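Everything on this sheet refers to the single structure shown next.
Every number in this text was worked out from the coordinates using simple rules, so none of it is lab data. Model, not experiment: these values are computed from the prediction. With ideal geometry, Cβ positions are generated from the backbone for all residues, glycine too; neighbour counts draw on all protein chains shown.
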Amino acid sequence: MMNRIYMDHSATTPVTERALEAMLPWFREEFGNPSAIYDYGQHAKNKLEECRKRIAKCLGAFQTEIFFTSGGTESDNWVIRSFCRANAAKGKHIITSAIEHNAILRTLKQMEEDGFEVTYLQPDSFGHISSEQLEAAIRPDTILITIMLANNVVGTVLDISSLAKTAAKHHIKMHTDAVQAVGHIPIHVRKLGVDFLSLSAHKFGGPKGVGAIYCRVPNRLPALLTGGGQERELRSGTENVAGIVGMTAALEEAIEDMDQENLRLTKLRDCIIEKACSIPGVALTGDPANRLPGFASFTVEGIGHSAYLVNSLNEVGISVSSGSACSAASREASHVLLALGYDAKHASSSLRISLGKDNNDEQVNYLLNVLPDIIMKLRIEYAKNPTMIYSDLPQPPDLFD
Ligand code: PLP
């Protein structure tokens, strides 16, 4: 098999060596259930509390403010469902942005079915939401504002601390989905000023299926999962001890390496942006300045759907993603790009390249060497057959990760 080049770190990352080493004993020698009172159990319980303290330190939080979950989706669901239901007597209005991940948007759709009202703020063309916009949307019955810290389709880092100030001024609780940001940019929850923050280990070198929620004291969230009473009665279910240990090691590693790694990734990213944008019909999406360090995203004209580009790059050994889902029957455009003002044609031709630890100059040069020819070939194909449908694609290559 040819050497594959992985450039889709926004979808997921490989578990780092350090995280894996830290996890291994907790699968076998130290496999105890943290709820058990004998030594096996107590070792696991102590380790969990140590991890909670270390994760809290990484985020500038208190140990009691961190709850472990199964990842970003669960953390997002927990805040929205539990907080809003518990506070429905105060009001049933929620504010969000139109560019959130589906873990937020689809959960809010269900809340609407349950009688809540949701305002979807429209961002500017870079993906920013202003404090003035937020201020104008706040109503006496607004109980929660949920706006992401960094966008997963265009890489824009939003000014959450300004938005959180506006929320606090009106005594409204603020949640941020920081799944794409944690481990990639410096985060201090008190400086951000949010009440709730979601994170997910597999986006920063930890394992899949584990995450956390920061829940500022004293905003206790009612339980989403009930059962054995783990996580101080708020999130039942036997804890994923090895996963939590891996997440902790990965986050500490990401933070220790961040300054140096971000300089390196920003340089590689800017090289990709400069060269890709010199190809006619290729344009950067998202904020050119306030963006995630390893994140380059584009629209590519004249290729029909970006799934073709993702497949062609896959054939030459490069894994990247499109920012839009597609299916055999329909050509679905990215809801993020549509919200940013792109027409359906551009919104279905987006390309996302997200770099990580394992990428280097040589790989970036290889990508930049093959990219112009691949785009040209696809344009020739598409020009010959502009009505081509997408049933010939093996599978939907992307689901808004
Ligand atoms: N929120 C954002 C912004 C994401 O990018 C993702 C991951 O795809 C999620 C939430 C969901 O996280 P998880 O995969 O841990 O459930």
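Some values worked out for this structure:
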| quantity | calculated |
| --- | --- |
| DSSP-loop trypsin sites (Lys or Arg not before Pro) across segment 226-295, with at most 14 other Cβ within 10 angstrom | 232 |
| For segment 26-31, 3J(HN,Hα) per residue [Karplus equation, 6.51 cos²θ - 1.76 cosθ + 1.60, θ = phi - 60°, Hz, x = Gly/Pro] | 7, 8, 10, 4, 10, 8 |
| Local electrostatic count, residue 149, Cβ distance below 14 Å [Lys/Arg +1, Asp/Glu -1] | -3 |
| Inter-label distance, nm, simple model (7 Å from Cα along the C-beta direction), residue 263/residue 63 | 3.5 |
| Residues with amide H under 5 Å from that of residue 5, placed H, sequence gap 5 or more | 318, 319 |
| Length released on extending from residue 314 to residue 369, taking residue separation times 0.36 nm less the Cα-Cα span | 18.3 nm |
| Projected label distance in nm at residue 18 and residue 112, using a 7 Å step from Cα toward the beta-carbon | 4.3 |
| Candidates 62, 31, 204: whichever shows maximal mean-square fluctuation once the chain is modelled as a Gaussian network with Cα springs under 10 Å | 31 |
| Local net charge near residue 42, Cβ-Cβ under 11 Å (Lys/Arg +1, Asp/Glu -1) | -1 |
| Amide H contacts of residue 205 (H built 1.01 Å from N, under 5 Å, at least 5 apart or other chain) | 13 |
| Partners for residue 173 among lysines (Cα-Cα distance below 30 Å; same-chain residues under 8 apart left out) | 53, 57, 90, 92, 109, 165, 191, 203, 208 |
| Cα long-axis angle, helix 39-59 against the chain (0 to 90 degrees, to the nearest 10) | 60 |
| Residues whose placed amide H lies under 5 Å from that of residue 118, excluding near-sequence neighbours | 94 |
| Residue 53-residue 380 pseudo-label distance in nm [points 7 Å out on the Cα-to-Cβ vector] | 6.5 |
| Antiparallel DSSP beta bridges within the chain, as percent of all bridges there, nearest 5 | 55 |
| Extension gain from residue 270 to residue 219, taking 0.36 nm per residue of separation minus the Cα-Cα distance | 14.3 nm |
| Fluctuation leader among 348, 70, 278 - the chain, Gaussian network, Cα springs under 10 angstrom | 278 |
| Rg followed by Dmax, in Å, when segment 166-252 is reduced to its Cα trace | 14.1, 41 |
| Calculated diffusion of the chain, Stokes-Einstein form, Kirkwood radius summed over Cα pairs, 25 °C and 0.890 mPa s, µm²/s | 112 |
| Choice from 296, 250, 11 with maximal GNM fluctuation in the chain (Cα, 10 Å cutoff) | 11 |
| Radius 12 Å from Cβ of residue 124, net charge of other residues (Lys, Arg +1; Asp, Glu -1) | -3 |
| Euclidean distance of C-alpha centroids, segment 267-321 and segment 1-80, integer Å | 32 |
